[in-house]
Amino acid sequence: MSARRFLLLLCISIPFAASASLGQQSRFRVLAFYSDTTEPDHIQFAKDAVKFLSERAANEHFTFDATSKWEDLNDERLKGYQLVIWLNESPSKAEQRSAFQRYIEQGGTWLGFHAAAYNDKNTNWPWFVEFLGGAVFSINSWPPLPARVEIDDQTHFVMTGIPRQFESPANEWYIWQPSPRVNQNVRILATLDPSNYPIGFKDVLTSGDLPVVWTNTKYRMLYMNMGHGDKIFTSTIQNRLIDNAVIWLGTGAAPETPVEGSGIRINAHGIVLDSQTGKFYAVNPSKDTVTVLDRNGHFVSRIPVGKEPVSLASNPDTNRVYVANSGSGNVSVVDGHTDKVIATVAVGDLPYTIAVNRPANKVYVSRTFSDITVIIDGKTDTPTTIKAGIGDAVAAESLDNATYMTSFESLHLTVFDGKNDRTAKIETPNHMWAIAGSPARNKVYAVSVGNSNVTVIDGTSHATRTVSTGESPCAVAVDYSSGKAFVANFVSNNVTVIDGASDSVVGTMSVGPKPQAIAVDSNNHKVYVVSTHERTVTVLDGTKNSVLGTVKVEKWPFAIAVNSQTHLAAVLSLDGDLTLIDGTTMATSSPVPPRD
Ligand code: ZN
């Protein structure tokens, strides 16, 4: 869950407490605790888990009770339960913690999912960290994505009937530091397969040991990393694993070298084209710089900016480029003539996505874990803040003097009117990830990675229409001349083509595996689709809906921008390196002189 738990605690209460009883003799009794005031996707998981476990209780003849009252974590209430489950949180009160400790020390068993084991320097519960095998939360992937899980120990009861590898549904994956694997008492049962790396669209895990199911053999306990969102119970294999865990705990049925995990936070707009000068600007988060290429792709300069730059936006009218620096909480303003930073604007912690409204000459900046949007006046470089109620916005796009911002967990997107800074909300599905505007049609396309559809918004009336895509759409681009929208589908490995006039799907094209970035050359109608995973870019003919070819990229390609005058595509890799693709010959080249 990471610090995501601190954003927007929606004041909703979902009555899904359950008590399943049965006709036959109960084999054992289970009490599950959950919070209904935590992060929405953790509440959703708890709701699904209560339903799943209630059904299993009926079939497997055990008693299952669930409660959101953590004060029930006391000696009296725990009596008679063989298994305590924490679905989405851990107790924060001292008396609840000590009651749990007594319960475990007297032979009780525990099953914890996902955020139940989250702990950091503020948790202040050393016994619990020891209980977990020493695991301390370090970093996470974001947003939730499916991943291949490898079983370490097929001999364990919990792995009965589980194949050596399986595809685990969309989840937020945690890396622990220290990893429980270094603890001699810990038996790791399953691990995220390293072939998943890099994984994430925003918080990208690039390497590291990521145990997902383990037990500390000093106790009767099992932890599973799964537990974020509404997809967890969609895998029959994983359901079997959860089933096995409950039965194992309910019925009572070698140290390795630690590998540090690594990750990076970046944005699909880590590279932009300034349409006036034709120059490319690309962030290099590890070097705290922005790389500039000229219209022909030649290296121009490397501009020192703030710490950990993640995203960029340009205003061709004023020839300014804005750089959101996640690590230093500010925005660097770059003069596009001299390529020098001419101002640095403090915007608060963790700026993430950035968009320019050209007619209003305003810059909109979202911040991770925050519902504060910062608006920078392009004339004076003065920031103002607005609490628009859009937590952790991940994508923004401007069209017709309005800026549209989406967030992952909201059931709406927010529109900022550039004339008066008024905001409006447009109802959408949740789990929005990317957005693109079509100026010619005054439409906005916002894709929901969690719902496999795109919401088409009329820029004037704000009327919406939902169009089905492939599975887990995560990137969208519009051909400004044909008006077609192209949507990259992460799970189904293809691109959905939507007609700009009718909003109907007019084609589907297969691309490289796990596509996660897309760009269109509106002059020759070529579409570039980035597979970070395979390290390729698939080039499509957007007119004939056919595949023209696949281009290899040395490093992990992540973000892409195209100059439709020179037909050059520039691909930004996770390590900050750039690769150019000549759209006419499909030849690749590297624009940057030897690395310093
Ligand atoms: Zn989570």
Rounded to whole Hz, the Karplus (6.51, -1.76, 1.60) HN-Hα couplings of region 327-336, x for glycine and proline: x, 10, x, 8, 10, 8, 9, 9, 7, x
Cα-based convex hull volume of region 45-84 per residue, rounded to whole Å³: 67 Å³
Relative intensity, log₁₀ I(q)/I(0), of region 74-204 from a Debye sum that treats every alpha carbon as a point, q = 0.11, 0.12, 0.16, 0.18 Å⁻¹: -0.46, -0.55, -0.96, -1.17
Rounded FRET efficiency, nearest 0.05, which uses the C-beta distance separating D400 from D72 and R0 of 56 Å: 0.55
Gain upon complete extension [S590, Q565; 0.36 nm per residue less C-alpha separation]: 7.0 nm
Two-decimal log10 I(q)/I(0) for region 264-427, as the Debye equation yields it once each C-alpha is a single scatterer, q = 0.11 Å⁻¹: -0.38
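Can you count the Lys pairs in region 430-552 whose Cα atoms are under 13 Å apart, with each pair 8 or more apart or on different chains? Write out the running numbers ahead of the final one.
Working: K443/K484; K484/K526; K484/K544; K526/K544.
Value for region 430-552: 4.
Given axes a ≥ b ≥ c from the Cα gyration tensor, I'd like to know whether region 430-552 is rounded (a/c under 1.5), prolate (a/b larger than b/c) or oblate. The partial results should precede the final answer.
Working: a/c = 2.02, a/b = 1.32, b/c = 1.53.
It comes out oblate by the Cα gyration axes.
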Partner lysines for K340 [C-alpha distance under 26 Å; skip if fewer than 8 residues away on the same chain]: K279, K287, K307, K362, K379
Summed residue charge, Cβ within 15 Å of R97's Cβ, Lys/Arg positive, Asp/Glu negative: -4
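When the dipole is taken about the Cα centre of the chain, and only Lys, Arg (+1) and Asp, Glu (-1) are charged at their Cβ, what size is it in debye, to the nearest 20? Working shown, then result.
Numbers: 50 positive and 59 negative charges, 15 e Å.
Taking the Cα centre of the chain as origin, the dipole is about 80 debye.
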Straight-distance crosslink candidates among aspartates and glutamates, where the alpha carbon sits under 12 Å from K425 and sequence neighbours closer than 8 are dropped: D417
Unit charges at the beta carbon, dipole of region 430-552: most positive-side option, V506, S438, V547: V547
Integer Hz, Karplus 6.51/-1.76/1.60 couplings in order for region 505-510, x for Gly and Pro: 6, 10, x, 9, 10, 6
Residues whose placed amide H lies under 5 Å from that of G327, excluding near-sequence neighbours: K307, E308
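Across all directions of projection, what mean area in square nanometres is found for the Cα convex hull of the chain? Let's see the in-between values first.
Details: hull surface 106.0 nm².
So the mean shadow area of the Cα hull is 26.5 nm².
How much length is gained if the chain between K218 and S98 is pulled fully straight, taking 0.36 nm per residue apart and subtracting their Cα-Cα distance, in nm to one decimal?
Numbers: separation 120, 0.36 × 120 = 43.20 nm, distance 1.79 nm.
Using 0.36 nm per residue and subtracting the Cα-Cα distance, I get 41.4 nm.
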Cut-off under 5 Å, modelled amide H: who pairs with N88 long-range: S35
Under Karplus coefficients 6.51, -1.76 and 1.60, residue-wise ³J(HN,Hα) of region 60-70 in Hz, glycine/proline x: 9, 6, 10, 9, 10, 10, 9, 8, 9, 8, 5
Built amide H within the under 5 Å cut-off of V300, gap 5+: V292, L293, D294
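Which value, in debye to the nearest 20, describes the size of the charge dipole of region 430-552 about its Cα centre when Lys and Arg Cβ atoms bear +1, Asp and Glu Cβ atoms bear -1, and nothing else is charged?
Values: 9 positive and 8 negative charges, 33 e Å.
The dipole magnitude comes to about 160 debye.
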Relative contact order of region 264-427, defined on C-alpha pairs under 8 angstrom at six or more residues apart (%): 12 percent
For region 164-309, projected area of the alpha-carbon convex hull averaged over all directions, nm²: 12.5 nm²
S301 paired with H337, simple spin-label distance in nm, labels 7 Å along Cα-to-beta-carbon: 1.3 nm
Cα-projected label distance for T155 with Q106, points at 7 Å along beta-carbon direction, nm: 3.5 nm
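Which FRET efficiency value, to the nearest 0.05, do you get for E427 and S510 by plugging their Cβ-Cβ distance into 1/(1 + (r/R0)^6) with R0 = 30 Å?
Details: r = 33 Å, r/R0 = 1.09.
Once the sixth-power term is evaluated, E becomes 0.35.
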Rounded to the nearest 20 debye, dipole of region 264-427 from Cβ charges on Lys, Arg, Asp, Glu: 260 debye
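Since every read-out is calculated from the coordinates, none of them should be taken as a lab result. From a predicted model like this one, the values you see are computed outputs, not experimental measurements. So basically every Cβ, Gly included, is an ideal-geometry build from the backbone, and we count neighbours across all protein chains shown.
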